[in-house]
Amino acid sequence: MADTDVRRHADEYRRSIESPDEFWLEAAALVDWRHAPERGLDDGAAPIYRWFPDGILNVSENALDRWVAAGRGDQVALAYDSAMTGSKRTFTYSELLHEVALFAGVLRNNGVEKGDRVAIYLPMTPEAVIAMLACARIGAVHSVVFGGFAANELAVRIQDSRPRVIVTSSGGLEPGRSVEYLPIIEKALAMIIGDRSVTDAVTQSIRVVSADELSVETVIVRSREAVPGTAAEFDGRVGVRWADWDEELAKAEAVEPVAVEATDPLYVLYTSGTTGTPKGVVRDSGGYAVALAWSMKNIYNVDAGDVMWTASDVGWVVGHSYIVYGPLLAGATTVLYEGKPIGTPDAGAFWRIVEEYDVKVLFSAPTAVRAIRRVDPDLIELARYDTSTLDAIFLAGERLDTETYHWMDKALHCPVIDHWWQTETGWAIVANPRGIEPLPVKPGSPSLPVPGYRLAVVDGKGRQVETGVEGNIVLGLPLPPGSLPTLWSGDERYVSSYLTAFPGYYATGDSGYVDDDGYVYVMGRTDDVINVAGHRLSTGTLEEAINHHPAIAEVAVIGIHDELKGQRAAGFVTLKHGASIDHDVLVKELVALVRETVGPVAAFRDVTVLERLPKTRSGKILRKTMRQIADGETYKVPATIEDPTVLEALKAALAAQ
Ligand code: COA
Ligand code: AMP
């Protein structure tokens, strides 16, 4: 590759690594500060790093008030489009500011102060954006829980973050059914206080506490016509006040943004780790605002007045960063789409939105592209719409396989850009920085490390491997602004989860390699995290749910290849001695159990009953070998295997299905 091809990006990258303080203090000018930072990195408590220790700002003010003051009050900030109900609504910057300031008043009236947590369990409706920005306005820390998670997952998150208020709605809409949220919340709270009149479900991840110890005081409910359930029906249940959104708004007064320190937390977002207990990723205020503002221009090439549509969910990091904060911090218009890429009503949904809202940048996941391809392989739907405003499609969330890439790239007039990141980093680690300099695309690679990230590939002992050799992808410390400073449960878990395996580095949990041009190839996880339709799940969480079935002795859940979703969860179980249960009944009960405890998003359907699980002599389940067999790959029988015949039995059981 000629040197000139990457010169500007290379210059920016080098500067970010050689003079990080200078680089990021310069980027900090993209944000409005109450007190502009004079210091970049605070490394006083390494390996816990903080950015902009003397900066003071308000992120909600940056996302809203700032643009109204700059004359963008009449520009659309948020365009809501629900393919589920057919409703559409736009909010200008002035209107969104008004709603947010008022809802901040609701939170205040309900005792929420700076630093308090607020759980947000909402579908893809404007209330989600309003509630998040209202928290930010008063310095409260939001914790959004994805609507596809059920009671146990919600309870675990509530127990860890200890919110004072939960903001919710009567429910979400999925094709052909509605999801009632209020019974799920009631069940989650009942699990925490051990209220057996509501639920008998008890899981290891929840420590039952007395009703007095429950942090939640109020559940604010936005009723929607399409889903039954009101605050009045639930008020008083599980010892909590359930209040109606509209009634609360009628009593509230608009609230001004409060000043917070750059290092104060903006939100906590839970993500799956290797154990059944999710990790609460902490996001700071100043570093995140700077990183997102920088990324909007330099990675996505989105400026004030442009339209960005991120077809994800506010429950995921992609939604936090590029449905809510990123576009609004840039003065752009964001589209909030409640619907699917296919079936709501057809595979033209994406192109309709692009045409209708003049979308410049679309951000989605490879699984959505595969879904469209399956239904509309010749892209007949695309031809029905004018998508000429589209400048690029960005994809993330899982590996972009080359077949999907080529299919989409051939059909579109604009580039298809893969980029790699994770909940922990909050924004891209490896990307094609289109705003700095569009780099040549290499299919299968998300391109080069983004400024600020010192990426390396190391072997199991932490030694850097050669170009082209696969190993653990790690990031040199300190991480750039925007990336997690720590975990909500404390520095200790942060250090042991991410910083201990390879001293001096943050372990991403992904494996991959770098080629001669420095392009990074991300191949998959090195831990027990699986990625189902771009949703990150822990096999440990699924195993814990399955273990609760009375007939189950042992279980191993692994991620196996799936044409549409990339991966899907497959459960291998053994039955307790003497347990007798019809196979079909068992499968039905396990599927229902996972759905009830973890949530429908686990999309758990595959169950294989075995006499024994394949293990090493020390009792470790041979997950990798199991996955290779299930995926039909060649495999080596591990030397440490306890009994090789168990693998034959596994193959026979899979073949019989
Ligand atoms: N609330 C309740 N249930 C939900 C939900 C939510 N917010 N989101 C998904 N579910 C349910 C679905 O209805 C489905 O239920 P079912 O088993 O009754 O059919 C189940 O969870 C699995 O959902 P999903 O894996 O999303 O599959 P799907 O068949 O509904 O849709 C795709 C498949 C590919 C269209 C869809 O997964 C998709 O658009 N993915 C994009 C991923 C994404 O944006 N990831 C974010 C990271 S960038
Ligand atoms: P999440 O934290 O839910 O965003 O999931 C992050 C994980 O998804 C990463 O650690 C990767 O395993 C995977 N991932 C995300 N984006 C990509 C990508 N572009 N290529 C390969 N894997 C990806």
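The values are calculated or read from the model by the stated rules, or taken from the named source; none is laboratory data. Being a predicted model, the structure only gives us computed values, none of them experimental. Here Cβ is always computed from backbone atoms with ideal geometry, including for glycine, and neighbour counts include all displayed protein chains.
Structure notes:
- Count - residues of the stretch 639-653 that are touching a Ser or Thr at 6+ places or on another chain (Cβ under 9 Å) and surrounded by 16 or more Cβ atoms within 10 Å (Cβ to Cβ): 4
- Given (1) closer than 30 Å to PHE52 by Cβ; (2) at pLDDT below 95, index of the condition HIS535 fails: (1)
- Condition met for ALA551 (away from ligand 2 (no atom under 16 Å from the Cβ) and within 24 Å of the chain's Cα centre (by Cα)): no
- Helices (runs of 4 or more DSSP H) enclosed by the stretch 166-269 - at least 1 residues per element that are among the small types (Gly, Ala, Ser) and surrounded by 14 or more Cβ atoms within 10 Å (Cβ to Cβ): 181-193, 231-234
- Matching option when the condition is surrounded by 19 or more Cβ atoms within 10 Å (Cβ to Cβ) and touching a residue at least 12 places away in the same chain (Cβ under 8 Å), among PRO438, PRO415, PRO480, PRO503: PRO480
- GLY518 closer than 18 Å to ASP418 by Cβ, assigned to a loop (DSSP other than H, G, I, E, B) and either away from ligand 2 (no atom under 15 Å from the Cβ) or touching a residue at least 40 places away in the same chain (Cβ under 8 Å) (or both): yes
- Within the stretch 385-426, the set of residues being touching a Phe, Trp or Tyr at 6+ places or on another chain (Cβ under 7 Å) and more than 19 Å from TYR519 (Cβ to Cβ) comprises TYR385, THR387, GLY426.
- Qualifying residue in the stretch 295-315 (condition: among the aromatic types (Phe, Trp, Tyr) and within 16 Å of ligand 2 (Cβ to nearest atom)): yes
Results for (1) within 16 Å of ligand 1 (Cβ to nearest atom); (2) at pLDDT 95 or above; (3) farther than 30 Å from ARG283 by Cα, shown as yes or no for each residue.
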residue	(1), (2), (3)
ASP376	yes, yes, yes
THR387	no, yes, yes
ASP391	no, yes, no
HIS406	no, yes, yes
ASP409	no, yes, yes
TRP421	yes, yes, no
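- Evaluation of MET308 against (1) in contact (Cβ under 8 Å) with a residue 40 or more places away in the chain; (2) more than 21 Å from TRP51 (Cα to Cα); (3) away from ligand 1 (no atom under 15 Å from the Cβ) (one fails), failing number: (3)
- Counting only helices (runs of 4 or more DSSP H) that sit wholly inside the stretch 305-400, those with at least 3 residues that are more than 18 Å from the chain's Cα centre (by Cα), closer than 29 Å to HIS142 by Cβ and of a type outside the set (Asp, Glu) are 349-357.
- Annotation note: of VAL557, VAL591, VAL587, VAL601, the sole residue that is surrounded by 17 or more Cβ atoms within 10 Å (Cβ to Cβ), without any contact (Cβ under 8 Å) to a residue 60 or more places away in the chain, outside any strand (DSSP E or B) and within 26 Å of the chain's Cα centre (by Cα) is VAL591.
- Within the stretch 441-456, tally of residues that are more than 16 Å from ligand 1 (Cβ to nearest atom) and touching a residue at least 60 places away in the same chain (Cβ under 8 Å): 11
- Residue list for the stretch 506-526, restricted to those being buried (at least 17 other Cβ atoms within 10 Å of the Cβ) and of a type outside the set (Gly, Ala, Ser): TYR506, THR508, ASP510, TYR513, VAL514, TYR519, VAL520, TYR521, VAL522, ARG525, THR526
- Applying the set (1) within 13 Å of ligand 1 (Cβ to nearest atom); (2) in contact (Cβ under 8 Å) with a residue 60 or more places away in the chain; (3) within 23 Å of VAL268 (Cα to Cα); (4) not aliphatic (A, V, I, L, M) to GLN204 leaves exactly one unmet item: (1).
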